[in-house]
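The values are calculated or read from the model by the stated rules, or taken from the named source; none is laboratory data. The structure presented is a predicted model; accordingly, all values stated were derived computationally and were not measured. Note that each Cβ is placed from the backbone with ideal geometry, even for glycine, and that neighbours are counted across all protein chains shown. Note: accessible area is taken over every heavy atom of the protein model, side chains too, but ligands, DNA and RNA are not part of it. Shrake-Rupley method; radii C 1.70, N 1.55, O 1.52, S 1.80 Å.
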Amino acid sequence: MGYRIWIEFFTQKKQINEATPYKNPLKKLSSNPLPFLKTSMKNLFPLFLSTLAVHFLCLKLTSAACHVDDEAGLLAFKSGITHDPSAMLSSWKPGTDCCTWAGINCRVENRVTTISLSGQPEKPNSFLSGTISPSLVKVQNLDGIYFLNLRNITGKFPDLIFGLPKLKFVYIENNKLSGQIPNNIRRLTQLEVLSLQGNQFTGSIPSSISELTELTQLKLGKNFLTGTIPLGISKLKSLTYLSLQHNKLSGSIPDFFSSFTNLRILELSHNKFSGKIPASILSLAQKLAYLELGHNALSGKIPDFLGSFTALDTLDLSANNFTGTVPKSFGNLTKIFNLDLSHNSLVDPFPTMNVKGIESLDLSYNQFHLKQIPNWVTSSPIIFSLKLAKCGIKMNLNDWKPKETYFYDYIDLSENEISGSPIWILNKTDDLVGFWASGNKLKFDLASLRIVKTLKNLDLSRNLIYGKIPNTVSGLKSLNLSYNHLCGKIPATNFPVSAFVGNDCLCGSPLAPCKL
């Protein structure tokens, strides 16, 4: 995901003051500088004292309390917060310098220019509950608002934004703002970034958003937006990042991409788009790094021109209605790291990919007959997710010799005709999260399986597995061992009957009690 991080930095860099390069005013001294220092120190000492005085005066000035309006606006914001369990705003105290408060940055004449508050998803108490106070408009020098992953910030679209003339960057992500995006958003013509993703906005995307021609990022994903994509978005010619994913948008994808000469990321997945991939997407071939169109209702053949996207890192066309073969031109995608073509109606032959390494691959649930795990997958040194369910693989797993097994997090080989044992693979992976291999001909002693702490999902149903169930399965989140040849007492778990039925002689809860 290096490109994504680079784009985030590149499109935000205008908010960061570039430090003046350090210039050393002293010339090189001779190899023995002591005589020079001794004779000069007396003359330099008064200058040193005056310079020191100026330094402390400047230090005192720059540490002065922030502007009264900035303090009032920020404290009003804090008063609108009803719950702050992680004490995110504990440093926001009246009478103290608000430029030193957590999440506050002052750059021009001791005026507040950015607010950056971010929750940490992995920490349950790292959030804020409440609303965005309209009095925040008092902080008139704001050029950036970053409210990220605060989770419980509610209310409508914050109209105070219209009263901040210097505002350029708006990131209000993963909160609970609701209602419609107002049509008068056209007034925010100075914005360079508008990100409202991960909220609860409804209604359509206002056509007036096309007047925000300075935008480099437009991110409205993960809301409940409906309707079609406004054609006027084609006027946003500076976009590098367009994300409308995880909404309820419908209709065809507009054929207007010739306008976007700098687009690097296009995320339209998880909507209700229909029709074909528009031909004008070809104009993005030289620069586009992420193309995500999965989980829609797109149809037809995968265009051959996608093979010319030489900068592509990620391509997701999953869960659509694509038919026919995968273009041979895909062999030209030498920089592809993440490829997901699963859940379509694609047929043989699958082209040979000329990649140096693949991070994640999902070809599951098409009409492929691969017979073997492809060599270009086997040779990848970095793969962490391999999903080839129902891909017509007929091989002995003992004969598979992948270049790397340590990095695997997810492996799905379900619904194939794979024999042998996966033990040698599974016992080498220290970070495995999920392994699915139901509906094969795997044969091995389950008691020999080492279940690592990271493993959460294990499905070995409908195989030829024998032996006893190890006690370590109790740490899993999901388990299915049904229809094998297992025997013995089931360890204490909370898994349902369906996880164990169809075996030779398992006993104990949730099955029948073991006989003494």
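Within the range 413-429, identify whether any single residue is under 27 Å from the mean Cα position of the chain (by Cα) and surrounded by fewer than 20 Cβ atoms within 10 Å (Cβ to Cβ), and answer yes or no.
No: the range 413-429 contains no residue that is under 27 Å from the mean Cα position of the chain (by Cα) and surrounded by fewer than 20 Cβ atoms within 10 Å (Cβ to Cβ).
Condition test on Ser280, is it open to solvent by less than 10 Å² (accessible area, probe 1.4 Å), in contact with a helix residue (DSSP H, G or I) (Cβ under 6 Å, 6 or more places away or on another chain) and not in a loop (DSSP other than H, G, I, E, B)? Please lay out each step first, then the result.
Working: open to solvent by less than 10 Å² (accessible area, probe 1.4 Å): no; in contact with a helix residue (DSSP H, G or I) (Cβ under 6 Å, 6 or more places away or on another chain): yes; not in a loop (DSSP other than H, G, I, E, B): yes.
In short, no.
In the range 447-456, is there at least one residue being closer than 19 Å to Ser414 by Cβ, part of a strand (DSSP E or B) and in contact (Cβ under 8 Å) with a residue 24 or more places away in the chain?
So far as the range 447-456 goes, no, none of its residues is closer than 19 Å to Ser414 by Cβ, part of a strand (DSSP E or B) and in contact (Cβ under 8 Å) with a residue 24 or more places away in the chain.
Which fully enclosed strands (runs of 3 or more DSSP E) of the range 102-190 have 3 or more residues being out of contact with any helix residue (DSSP H, G or I) (no Cβ under 6 Å at 6 or more places or on another chain), surrounded by 16 or more Cβ atoms within 10 Å (Cβ to Cβ) and modelled with pLDDT under 95?
none
Taking the residues in the range 371-386 that are outside any loop (DSSP other than H, G, I, E, B) and open to solvent by 60 Å² or more (accessible area, probe 1.4 Å) as candidates, determine which candidate is modelled with the lowest pLDDT.
Once the filter is applied, the top-ranked residue is Asn375.
If I ask for residues that are open to solvent by 50 Å² or more (accessible area, probe 1.4 Å), polar (S, T, N, Q) and part of a loop (DSSP other than H, G, I, E, B), which ones from the range 475-514 would you list?
The initial filter retains those residues of the range 475-514 that are open to solvent by 50 Å² or more (accessible area, probe 1.4 Å), namely 477, 483, 485, 489, 492, 494, 496-498, 504-505, 509, 512-513.
Add one more test, that the residue is polar (S, T, N, Q), and what stays is 494, 498, 509.
Selection gives Asn494, Ser509.
Can you find a residue that is small (Gly, Ala, Ser) and free of Cβ contacts under 8 Å to residues at least 24 places away in the same chain anywhere in the range 427-446? I'd like the intermediate steps shown before the answer.
Within the range 427-446, the subset small (Gly, Ala, Ser) is 434, 437-439.
Remaining after also requiring free of Cβ contacts under 8 Å to residues at least 24 places away in the same chain: none.
No, the range 427-446 has no match at all.
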